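Structure, as structure tokens:
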Amino acid sequence: MSLISVRGLAVARGGLRVIEGLDFELGAGQAIVLRGPNGAGKTTLLRCLAGLQPAVTGRIECQSDSIAYAGHADGLKPALTVTENLEFWSAVFGGPDIAPALAAMNLTDLAARPAHALSAGQKRRLGLARLMVTGRPVWLLDEPTVSLDQGSVALFATMLRDHLAQGGAALIATHIDLGLPEAQVLDLAPYRARPGLRQDRPAGFNEAFA
Ligand SMILES: Nc1ncnc2c1ncn2[C@@H]1O[C@H](COP(=O)(O)OP(=O)(O)OP(=O)(O)O)[C@@H](O)[C@H]1O
């Protein structure tokens, strides 16, 4: 079953097309790793799929409320503790138990610590644990392992594998090897926009959503 279907997609940033002619499907139980050098458009593509900016052209089909997006920012409330952050998101997403998320990213011992007092890697672990309490099947992940040590990358890979085993899916922009041999690779190089193409939307349109 396809959870996201993308056809003829073009996306732009700062008024310039970065990717065009992109087609792919992401199915239940599937992970796709986005590859491409700096500036290839991985973040721009994820932002577009997450609904943070419009496509220039093309079709994106997915179920409503099926996507959870984890971008470069951890999206934490600094004054709230680890537990309170997850409870906040749990309340937003219908109240799932936060204990599995705490355990998955090894946060149980840090449960009472305010988010502002966490290290960068601990903040990132909390940001990723948040995905579990969304209950959403499609995870769009932009450089999810930044600041994580090797052990935490392995924890994250296990969390991801469990998500896939439960029928979830993930599209992941990363420059590192996540240790997920089952993940497919989508290289964005062939979809790099040719320079000088006319924009279908005014330049800068998308930056209202930055
Ligand atoms: N806020 C912005 N305003 C204008 N242009 C931007 C903005 N952010 C990124 N860009 C440009 O858009 C293009 C695509 O950037 P994007 O961040 O999507 O690439 P990326 O593949 O995620 O790169 P990286 O691997 O460095 O994270 C780049 O040429 C970049 O310079």
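The values are calculated or read from the model by the stated rules, or taken from the named source; none is laboratory data. None of these values were measured; they are calculated from a predicted model. Methodologically, a virtual Cβ is constructed for each residue, glycine included, from the backbone with ideal geometry; neighbour enumeration extends over all protein chains shown.
For this structure, a couple of remarks:
- Selected residue (only one of N85, N106 is more than 16 Å from the ligand (Cβ to nearest atom), crowded, with 17+ Cβ neighbours inside 10 Å, at pLDDT 95 or above and within 26 Å of L148 (Cβ to Cβ)): N85
- Beta carbons closer than 6 Å, at least 6 apart along the sequence or on distinct chains, pair a first residue in region 29-41 that is closer than 9 Å to H175 by Cα and of a type outside the set (A, V, I, L, M, F, W, C) with a second that is within 15 Å of the ligand (Cβ to nearest atom) and in a strand (DSSP E or B) for R35/V185; R35/D187.
- Options L34, L26: the member that is surrounded by 15 or more Cβ atoms within 10 Å (Cβ to Cβ), within 15 Å of the ligand (Cβ to nearest atom) and assigned to a strand (DSSP E or B): L34
- In region 5-37, the residues that are of a type in the set (K, R) and closer than 17 Å to E143 by Cβ: R13, R35
- Qualifying residue in region 1-18 (condition: in contact with a Lys or Arg (Cβ under 6 Å, 6 or more places away or on another chain), surrounded by 14 or more Cβ atoms within 10 Å (Cβ to Cβ) and not aromatic (F, W, Y)): yes
- Taken over region 22-63, the residue count meeting the criterion of being touching an Asp or Glu at 6+ places or on another chain (Cβ under 8 Å) and of a type in the set (S, T, Y) is 2.
- Qualifying residue in region 7-16 (condition: of a type in the set (G, A, S), part of a loop (DSSP other than H, G, I, E, B) and either within 16 Å of the ligand (Cβ to nearest atom) or under 19 Å from Q166 (Cα atoms) (or both)): yes
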